[in-house]
Amino acid sequence: MKKFILPSTAIAILLIAIAYMAGMFDQKIQPITRVLVDENINKPFTIKSKSVDVIESLPAGVKARETTLISSRILSRIEKIYVRAGDSVNTGDLLISLENSEFKAREAQAQAQISSVTASREEAKKTLDRSKELQTKGLISTSELDKAVASYSKLSAELNAAKQYLKEAETALTYTDIRAPISGKIVERNAEPGDISSPGTPVLSLYNPSSLRIEANVRESLAVKLQLSEDVRINIDSIELELNAKITEIVPAADPNARSFVIKADIDFNESILPGMFARINIQNGLQKQILIPKNYIQSFGQLDTVWVVDGEQLQRRYIRTGKVYGEMIQIISGLQDNEVIAIKH
């Protein structure tokens, strides 16, 4: 007996599960599609098409107008990095210190060379002055005077070269302290103390949070209608933010592959907005006649939407297809026409 009960129970459970998945327990639309108009209807609504702004919502991204990669101008080992990703800095703040012992040695060598050449040049100047005086008196030959002039000129050139070398050494020494070129926030830190920093290899990435803007690719048929300073609406869904912006730049060249233009719109500073966030830019694209009805006139049964339409002395249940929502109103794509009357049935 038990062997018979167990399979029967399993079959019953399976049948109930199939019935549930088939929607047998869901709310059903009544088979009656027409009922007499009586006192149980409320708020008849006459349908009239309205001209509505057509808004196109396009994918976009948040980018920083002012961004910079921080790298070294010289080849040297990193001694210390004073910031990490997320830190805020001001223009001129010290970000990175490189080992500078080699560059200090070059500076000291250049200073020593200047001192040595300066002393030799002073002696050569005295010799030249004496040679000129003796040559005037006829006590030395012209060739000896020429040698004194040549010696002084050579040492003068060496002094100028030593001063230039000192200037280069001092400049290289300043490169061992890397400072912030703009005020902003550190985005990335790509190295650690002890690493070798070379020219052109980014160590830090920095952007100005007050210079964020929205960039989007807009198809050329829509882009040619846009104007600079035109208002657009921006949505950033990840932080549930909606804000206004103005178009500040339309790149004057189309992408031949995508047939689109890049447009840029500056936005006000908001600490919640970060570069790289996904956004949507909403652009007005003319007017369009649409049928709008209040949302509370619609009855939904699963994925089907219906309304009650007044047809003479009867109410007819009508299937409709809805579109965009405008506050308390909703667009009707199909199922209703102008001058028809809908109602709420209790």
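Matching residues to (1) under 15 Å from the mean Cα position of the chain (by Cα); (2) of a type outside the set (A, V, I, L, M); (3) within 22 Å of THR67 (Cβ to Cβ):
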site: ARG213; (1), (2), (3): yes, yes, yes
site: VAL224; (1), (2), (3): no, no, no
site: GLU230; (1), (2), (3): no, yes, no
site: LYS246; (1), (2), (3): no, yes, yes
site: ALA265; (1), (2), (3): yes, no, yes
site: SER272; (1), (2), (3): yes, yes, yes
site: ALA279; (1), (2), (3): yes, no, yes
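Is one or more of the residues making up region 330-339 in a strand (DSSP E or B) and under 33 Å from the mean Cα position of the chain (by Cα)? No, that holds for no residue. Checked against (1) crowded, with 16+ Cβ neighbours inside 10 Å; (2) in the same structural domain as ALA245 (by TED's automatic domain parsing); (3) over 30 Å from PRO252 (Cβ atoms), ILE273 passes all but condition (3). Could you grab me the full set of residues in region 240-270 that are surrounded by 11 or more Cβ atoms within 10 Å (Cβ to Cβ) and touching a helix residue (DSSP H, G or I) at 6+ places or on another chain (Cβ under 7 Å)? If the condition is that a residue be surrounded by 11 or more Cβ atoms within 10 Å (Cβ to Cβ) and touching a helix residue (DSSP H, G or I) at 6+ places or on another chain (Cβ under 7 Å), then ILE250, ALA254, ARG259, SER260, PHE261, ILE263 are the ones that fit.
Out of all the residues in region 88-122, which are crowded, with 16+ Cβ neighbours inside 10 Å and under 26 Å from the mean Cα position of the chain (by Cα)? Within region 88-122, VAL89, LEU95, ILE96 qualify. Of the residues in region 285-302, at least one is closer than 30 Å to ALA64 by Cβ and either surrounded by fewer than 16 Cβ atoms within 10 Å (Cβ to Cβ) or in contact (Cβ under 8 Å) with a residue 40 or more places away in the chain (or both). The number of residues in region 285-300 being part of a strand (DSSP E or B) and closer than 16 Å to ILE344 by Cβ comes to 4. Within region 42-76, the residues that satisfy the criterion of being charged (D, E, K, R) and either surrounded by fewer than 15 Cβ atoms within 10 Å (Cβ to Cβ) or within 25 Å of the chain's Cα centre (by Cα) (or both) are LYS43, LYS48, LYS50, ASP53, GLU56, LYS63, ARG65, GLU66. Where strands (runs of 3 or more DSSP E) sit wholly within region 56-148, none has at least 2 residues that are among the small types (Gly, Ala, Ser) and at pLDDT 90 or above.
Quick one: count up the residues across region 194-230 that are among the aliphatic types (A, V, I, L, M) and crowded, with 18+ Cβ neighbours inside 10 Å. Of the residues in region 194-230, 8 are among the aliphatic types (A, V, I, L, M) and crowded, with 18+ Cβ neighbours inside 10 Å.
Can you tell me how many residues within region 171-187 are in contact (Cβ under 8 Å) with a residue 60 or more places away in the chain and loosely packed, with under 15 Cβ neighbours inside 10 Å?
So the count comes out to 3.
Filtering region 91-124 to residues that are more than 20 Å from GLU192 (Cα to Cα) and in contact with a strand residue (DSSP E or B) (Cβ under 6 Å, 6 or more places away or on another chain) leaves only GLY92. Return yes or no: is GLU168 farther than 30 Å from ILE74 by Cα and assigned to a helix (DSSP H, G or I)? When the stated conditions are applied, GLU168 does not pass them.
Being of a type in the set (S, T, N, Q) and touching a Lys or Arg at 6+ places or on another chain (Cβ under 7 Å) is the filter here; which residues of region 53-92 pass it? Steps first, answer last, please.
Just the residues of region 53-92 that are of a type in the set (S, T, N, Q), to begin with: 57, 67-68, 71-72, 76, 88, 90-91.
Across region 53-92, the qualifying residues are SER57, SER88.
The values are calculated or read from the model by the stated rules, or taken from the named source; none is laboratory data. Here the structure is a predicted model, which means the values were calculated and not measured. Positions of Cβ are generated from backbone atoms using ideal geometry, with glycine treated the same way; all protein chains shown enter the neighbour counts.
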